[in-house]
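Participant: Have a look at this one.
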Amino acid sequence: MNRLRRASLAGLLAAPSAIAHAAAFEPVTPAYRLRFPRDHGAHLGHRTEWWYVTGWLRCAGRDLGVQITFFRSRTGHDPANPSRFAPHQLLLAHVALADAAHGRLRHEQRAARAGFADTGIGLAETDLRLGDWTLRRDATDAYRARAPGSELSVDLTLAPPGPPWLQGEEGYSRKGPQTAQASHYYSRPQLRVGGSVRLGSRTLPVDGGVAWLDHEWSSEVLDPRAAGWDWAGINFDDGSSLMAFRIRGRDGSVLWSHARWSGRPRAAAEVRFEPLRTWRSPRSPGIYPVAMRIAIDGRIVTLEPLLDDQELDARASTGGHYWEGAVRVLEAGRPAGRGYLELTGYAAPLRL
């Protein structure tokens with residue numbers, strides 16, 4: 001992992017009961033009101049947080065999908081321990097490029113405990129650093145994402161057309177029947193993209209593209225019965241956007257679902273995900289519904305993947321396998337937009 005100092009992530013994240021002096025995580029409450037620019041920064045009192053960039057790039061006449069994600073995890077170790085080596089906070093990151101000509105994801109990942117010179121977690125602003133991988137928001141409200149690697153590199157600018165889009169109820173996003181099963185959550189859809197990517201030895205300028213950024217933090221997201229979730233973030237060609245998700249139970253039931261169109265004050269009353277086609281991973285037990293139909297209040301969109309093999313092996317960082325893929329969006333049989341589909345808990349029940 002590029003010589004970064006690594007914690008034993010599986011033990012830290014999967015067995016908090018073994019920690020003698022577990023810290024109390026800050027709760028997510030409906031009373032909290034998001035405020036900016038403060039809430040662009042990190043929330044160290046909460047257990048889990050992520051900044052998620054997904055998008056489509058046009059490079060040298062072909063389409064590429066891109067994912068850049070920084071995860072922060074508070075481990076629950078005794079906060080009174082003053083040692084720099086005590087892993088109070090972990091910082092993890094993924095970068096991936098989807099290229100149909102390559103046939104599968106190019107992917108790299110990193111992980112380190114916070115507190116050293118080569119890691120940074122900004123509190124007042126989006127300002128994340130994991131070695132030479134960075135994600136920062138500047139004074140113009142644009143983001144800069146840099147992630148040089150051995151097999152791929154990205155150097156992108158992402159400019160939002162408007163203010164943050166608060167998900168759920170004023171940024172309080174329910175994920176289950178209990179009020180604590182929720183996150184604080186906002187999105188930045190329809191990001192205009194520029195910059196460059198490198199595939200192997202070839203550097204390609206980005207001639208255009210559209211991306212999506214999610215920032216979400218929580219302390220208790222999933223119901224104990226949950227296996228995982230399906231999530232879609234869609235940028236439509238007419239400038240509108242859609243966020244939709246469902247939480248799946250281990251018995252195949254839907255425990256919770258939610259969808260919202262940009263520009264509308266209320267969430268959709270009905271959300272239904274219908275798998276159309278599955279893909280079986282050759283590297284994990286995962287069987288993923290990579291083509292999906294989503295019905296929201298009578299409106300139906302169909303998602304078709306840029307390529308089927310967009311499974312990400314995250315065992316060296318956040319753990320397990322999941323599918324995170326660029327999808328084309330059709331409505332009434334016609335191209336309508338581009339987006340990303342995330343499928344978790346199909347290789348094994350998710351442990352968040």
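Participant: Would you compute, for the Cα atoms of the range 83-166, the largest minus smallest coordinate along each principal axis and list the three values in descending order, in whole Å?
Facilitator: Result, largest extent first: 48, 33, 22 Å.
Participant: For the range 263-310, just say rounded, prolate or oblate: build the C-alpha gyration tensor, square-root its eigenvalues into a ≥ b ≥ c, call rounded for a/c under 1.5, and beyond that prolate if a/b exceeds b/c, oblate if not. Working shown, then result.
Facilitator: Working: a/c = 2.82, a/b = 2.72, b/c = 1.04.
Prolate shape, in that a/c is at least 1.5 and a/b is the bigger ratio.
Participant: Give me the number: length gained by fully extending Arg136 to Glu331, i.e. 0.36 nm times residue separation minus the C-alpha to C-alpha distance, one decimal in nm. Numbers along the way, then the final one.
Facilitator: On the way: separation 195, 0.36 × 195 = 70.20 nm, distance 3.47 nm.
66.7 nm is the gain from fully extending Arg136 to Glu331.
Participant: Provide Arg192, Arg246 in ascending order of the number of other Cβ atoms located within 10 Å of each residue's Cβ, fewest first. Spell out each step's value before the answer.
Facilitator: Working: Arg192 15, Arg246 19.
Exposure proxy ranking, most exposed first: Arg192, Arg246.
Participant: By counting other Cβ atoms within 10 Å of each Cβ, how are Leu330, Leu312, Leu64 ranked from fewest to most? Show your work: numbers first, answer last.
Facilitator: Numbers: Leu330 16, Leu312 21, Leu64 25.
With the fewest neighbours first, Leu330, Leu312, Leu64 line up as Leu330, Leu312, Leu64.
Participant: Okay, moving on. Quick one: what do you get for the chain if you divide its Cα Rg by 2.2 N^0.38 Å?
Facilitator: Working: Rg = 19.1 Å, N = 352, 2.2 N^0.38 = 20.4 Å.
Output field value: 0.93.
Participant: Among Phe236, Phe116, which comes first, second and so on when ranked by fewest other beta-carbon atoms within 10 Å? Intermediate values should be presented prior to the final figure.
Facilitator: On the way: Phe236 20, Phe116 13.
In increasing order of surrounding Cβ atoms, one gets Phe116, Phe236.
Participant: Where the Cα atoms of the range 269-352 are projected onto their three principal axes, how long is each span, largest first, in whole Å?
Facilitator: Computed over the Cα atoms, the extents are 40, 28, 19 Å.
Participant: Here is a further query. Explain nothing, just compute: Karplus ³J(HN,Hα) = 6.51 cos²θ - 1.76 cosθ + 1.60, θ = phi - 60°, for every residue of the range 237-242 in order, whole Hz, x for Gly and Pro.
Facilitator: Residue by residue, the range 237-242 yields 5, 7, x, 7, 9, 9 Hz.
Participant: Under the rule of -39500 (n - 2.57) per DSSP H run of 4 or more residues, summed and divided by the residues of the chain, what mean residue ellipticity at 222 nm is obtained, to the nearest 500 deg cm²/dmol?
Facilitator: Computed ellipticity for the chain at 222 nm equals -500 deg cm²/dmol.
Participant: Hey, another quick one. Extent of the range 220-330 along each principal axis, from alpha carbon coordinates, in Å, largest to smallest?
Facilitator: Largest to smallest, the principal-axis extents are 40, 33, 25 Å.
Participant: Turning to a different aspect of this structure: Which of Arg315, Arg202, Arg280 moves the most in a Gaussian network model of the chain with Cα springs under 10 Å?
Facilitator: Greatest mean-square fluctuation among the candidates belongs to Arg202.
Participant: Still on this structure: For the range 226-286, take the alpha-carbon Rg, divide it by the Kirkwood Rh, and send me Rg/Rh.
Facilitator: On the way: Rg = 14.1 Å, Rh = 13.5 Å.
Ratio of gyration radius to Kirkwood radius for the range 226-286: 1.05.
Participant: From the phi angles alone, apply the Karplus equation (6.51, -1.76, 1.60; θ = phi - 60°) to the range 198-212 and give each ³J(HN,Hα) in whole Hz, x where the residue is Gly or Pro.
Facilitator: Computed from phi, the couplings for the range 198-212 are 10, 10, x, 9, 10, 9, 10, x, 8, 8, x, x, 9, 9, 9 Hz.
Participant: With the Cα gyration tensor of the range 308-352 giving a ≥ b ≥ c as the square roots of its eigenvalues, does the rule (a/c under 1.5 for rounded; else a/b larger than b/c for prolate; else oblate) give rounded, prolate or oblate? Each step should come with its number before you reach the end.
Facilitator: On the way: a/c = 3.52, a/b = 2.78, b/c = 1.27.
Taking the square roots of the gyration eigenvalues as a ≥ b ≥ c, the range 308-352 is prolate.
The numbers here are math on the coordinates, done by the rules we state, and not lab data. Because the structure is a prediction, the values reported are computed rather than measured. With ideal geometry, Cβ positions are generated from the backbone for all residues, glycine too; neighbour counts draw on all protein chains shown.
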